[in-house]
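K.L.:
Quick one: the structure is below, and I'll ask about it shortly.
The values are calculated or read from the model by the stated rules, or taken from the named source; none is laboratory data. Since this is a predicted model, take the numbers as computed values, not measurements. A quick note on method: Cβ atoms are made from the backbone with ideal geometry, for glycine too, and the neighbour counts reach across all protein chains shown. To get the accessible areas, we keep the full protein, side chains included, count just its heavy atoms, and leave off ligands, DNA and RNA. Shrake-Rupley method; radii C 1.70, N 1.55, O 1.52, S 1.80 Å.
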Amino acid sequence: MRPRRGRRRRCAGTAPTGPSGAPGASSTRSRLYLLRHVLNHATQTAQIGHVTPHQLRHTYATALVNAGVSLQALMVILGHSSAEMSLRYGRLFDSTVRDEYERALDLAKQHIGAMPPTASDDLDDGVDWRTTPTIKTALAGGYCLRAPAQGACSYANICEHCTSFHTTRTYLPVLQAQRDDARALADDTQQRGWDPETERHLRLINRLNTLIDHIA
C-alpha cells in the first residue's frame, strides 16, 4: 500500500486551525464531533437511547424558562435574533404552571383574607354596617366594606380630598350624613385599636367640615 503524502499527523487534543493559524470551521466541527462522541458514550452507558446535542439544548432552554429566566435573557443565551425562535425552545412544564398558579392563589388569599361572619348579606337584618368588624369607608352614596387583611382601599374618599371636588348647598344633607357616618367609624376603629383607620376617618371628617362650612 502506498503511503499517503501531504498530510501531517496531528497530536491528540490539538484543534485544527485555519490558514491564519486561528481556530476555524474545522475546529468547530472537531468540537462537535467530540461532543457527539462523548454524548453517545454516556447514553449507551446509561441505556437511555439516542440523544442529540440539539435535544440537550432544548432541555437546557426549558429548564431556564422554568427557573424564571426572562425571554430577553434566553435569546442572548441561545444566540437567537428573534423571540419566536426562543419560544420554540422554551416551554413551561405542567407542574410549573400548577405551582405558579397555587403560589399566586395563596398570595391572593393572604392579601384578601376572609370576610368576617357579619358581612353585607346580614345588613338587611338590621345590622349596622358601621359596627361590623370590617375596614369601612363612608361614601356619599353608600359605604365600602373590606376584609381586615385587605386594609383600606387606596381610592377611599379620594374624591372628597381632591382639590377639584366641588359641592353646593343641594348636597348639604348628604355631606352631613356622610360626616355622621365617619364619626361613628372613627369611634368604632378607636375602640378596636385600629389607629391608622381612626386617623383616616378623622381626616375625612375634617375635610367634610371644611366643605360644609364653605356651603352652609
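K.L.:
If I ask for residues that are open to solvent by 70 Å² or more (accessible area, probe 1.4 Å) and either modelled with pLDDT under 85 or under 14 Å from Thr210 (Cα atoms) (or both), which ones from the stretch 140-158 would you list? Working first, answer last.
P.N.:
We begin by selecting, within the stretch 140-158, every residue open to solvent by 70 Å² or more (accessible area, probe 1.4 Å); these are 141, 143, 154-155, 158.
Residues satisfying the conditions are Gly141, Ser154.
K.L.:
Another question, then. Filter the stretch 184-215 down to residues that are open to solvent by 80 Å² or more (accessible area, probe 1.4 Å) and touching a Leu at 6+ places or on another chain (Cβ under 9 Å), then give me how many there are.
P.N.:
Summing the residues that are open to solvent by 80 Å² or more (accessible area, probe 1.4 Å) and touching a Leu at 6+ places or on another chain (Cβ under 9 Å) in the stretch 184-215 gives 0.
K.L.:
Residue check: is Val76 modelled with pLDDT of 70 or more and loosely packed, with under 13 Cβ neighbours inside 10 Å? It would help to see each step written out before you state the result.
P.N.:
Working: modelled with pLDDT of 70 or more: yes; loosely packed, with under 13 Cβ neighbours inside 10 Å: yes.
In short, yes.
K.L.:
Shifting gears a bit: Need the failing condition index for Ser81 against (1) assigned to a loop (DSSP other than H, G, I, E, B); (2) under 29 Å from Asp99 (Cα atoms), just the number.
P.N.:
If we test Ser81 against (1) assigned to a loop (DSSP other than H, G, I, E, B); (2) under 29 Å from Asp99 (Cα atoms), just (2) comes out false.
K.L.:
I've got another one for you. Given the structure, is Thr131 modelled with pLDDT under 90 and over 31 Å from the mean Cα position of the chain (by Cα)?
P.N.:
Yes, satisfied.
K.L.:
Which of the residues spanning the stretch 1-60 are open to solvent by 100 Å² or more (accessible area, probe 1.4 Å), part of a loop (DSSP other than H, G, I, E, B) and either modelled with pLDDT of 80 or more or closer than 29 Å to Ile77 by Cβ (or both)?
P.N.:
Gln47, Ile48, His50
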